[in-house]
Amino acid sequence: MNDYLLSVLLGIIEGVTEFLPVSSTAHLRISEAMLGIDLGNGYWKMYTIVIQLGAILCLPIYFRERIWKFLSTFPTGEKGDRTVLTHPLSLTMIAFVFTAGPAFLMTKIIGKHLESLYIMGSALLIGGIVMWIVDVMYANRHHTESMEQMSLGQAIWIGLCQVLSAVFPGTSRSMSTIAAGQIAGMSRSAALEFSFFLSIPTMVAATCYDLLKTLRPSHGAAATITPSMIDSHGWVLLGIGFVVSFIVALGVVAWFMKYVRQHGFVPFAIYRIIIGIAVLVWAMKGAGH
């Protein structure tokens, strides 16, 4: 495939899947494997990180009015019933801390061997089943209609649940956040919006950390890729993937926010189950070796 078309295709895949509860990590890794891309190649590792950043940057753009509203009403909130600990911005950062700390420690202990097709397929399948059950059971059992009504306990609970997605590729950050939010009594739209807000610090930190590890490996090892190693062709491919993922993700976020208010998450759960089974079958046939 032409390199430019390849970059556009990967940018579309990243933009479509980054914020849907289907795991962008699994979709990118599987797509790259199917397209014959060397997942150990330093350039393509950097490429994957760069297009993820492109998708993430769409969130501050899309939620700019909500972000400004939160900033202008900090810390008491619009109705004056919030505190420094219960304001939506504070709850977002608290949930981030409860995700980042345990996730960092667990990935250090467990290592990277979890990034296999078997793990991704299992995470997609199990996550789909959990998501389906939660959406059916808790769709009409909520008392928190917006982020402005969230409690400190809900934020901590969601942050801890998101650790699973940070450690096990294929789980999906949005899936774990949405399901945890619904279990904690949040409406679909409130859980989804908090998922998007929590993605901003979580994904920025995760992608920047991954980028730093790629450019500056630990233990004195030589970097597999540096900016000086990338030629003009490589920079163009990075730019194309970055822009495409940003534009596509912006459209997906706008659509998803409207879709969820009228429909549930069951279609995405079914999709996860189907893809998870397909990946496991593929892995068993030897693609994962």
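The combined condition, being over 20 Å from I119 (Cβ atoms) and surrounded by fewer than 22 Cβ atoms within 10 Å (Cβ to Cβ), is not fulfilled by G15. When residues in the stretch 138-175 are screened for being over 21 Å from V253 (Cα atoms), free of Cβ contacts under 8 Å to residues at least 40 places away in the same chain and buried (at least 17 other Cβ atoms within 10 Å of the Cβ), 3 of them pass.
If only residues of the stretch 231-254 that are more than 26 Å from A179 (Cα to Cα) and not aliphatic (A, V, I, L, M) are counted, the one that is surrounded by the most Cβ atoms within 10 Å (Cβ to Cβ) is G241.
Among the residues of the stretch 255-277 satisfying the criterion of being among the hydrophobic types (A, V, I, L, M, F, W, C) and in contact with a Lys or Arg (Cβ under 9 Å, 6 or more places away or on another chain), which is surrounded by the fewest Cβ atoms within 10 Å (Cβ to Cβ)?
V260
Against the test of being in contact (Cβ under 8 Å) with a residue 60 or more places away in the chain, over 20 Å from A100 (Cα atoms) and out of contact with any Leu (no Cβ under 6 Å at 6 or more places or on another chain), the options L198, L211, L192, L215 yield a single qualifying residue, L215. Considering only the stretch 240-289, state which residues are out of contact with any helix residue (DSSP H, G or I) (no Cβ under 6 Å at 6 or more places or on another chain), small (G, A, S) and closer than 24 Å to A55 by Cα. Scanning the stretch 240-289 gives G251, A254.
Residue-by-condition table, conditions (1) free of Cβ contacts under 8 Å to residues at least 60 places away in the same chain; (2) within 22 Å of E32 (Cα to Cα):
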{"residue": "F242", "(1), (2)": "no, yes"}
{"residue": "V252", "(1), (2)": "no, yes"}
{"residue": "Y259", "(1), (2)": "yes, no"}
{"residue": "F265", "(1), (2)": "no, no"}
{"residue": "R272", "(1), (2)": "no, yes"}
{"residue": "G276", "(1), (2)": "no, yes"}
{"residue": "A283", "(1), (2)": "no, yes"}
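So S151 ticks every box in (1) more than 19 Å from G276 (Cβ to Cβ); (2) in contact with a Ser or Thr (Cβ under 8 Å, 6 or more places away or on another chain); (3) of a type outside the set (D, E, K, R); (4) modelled with pLDDT under 90 but one. Which box is left unticked? Exception for S151: condition (4).
The values are calculated or read from the model by the stated rules, or taken from the named source; none is laboratory data. Worth saying up front: this structure is predicted, and the values here are computed from it rather than measured. When we count neighbours, we look across all protein chains shown, and the Cβ atoms used for this are built from the backbone with ideal geometry, even at glycine.
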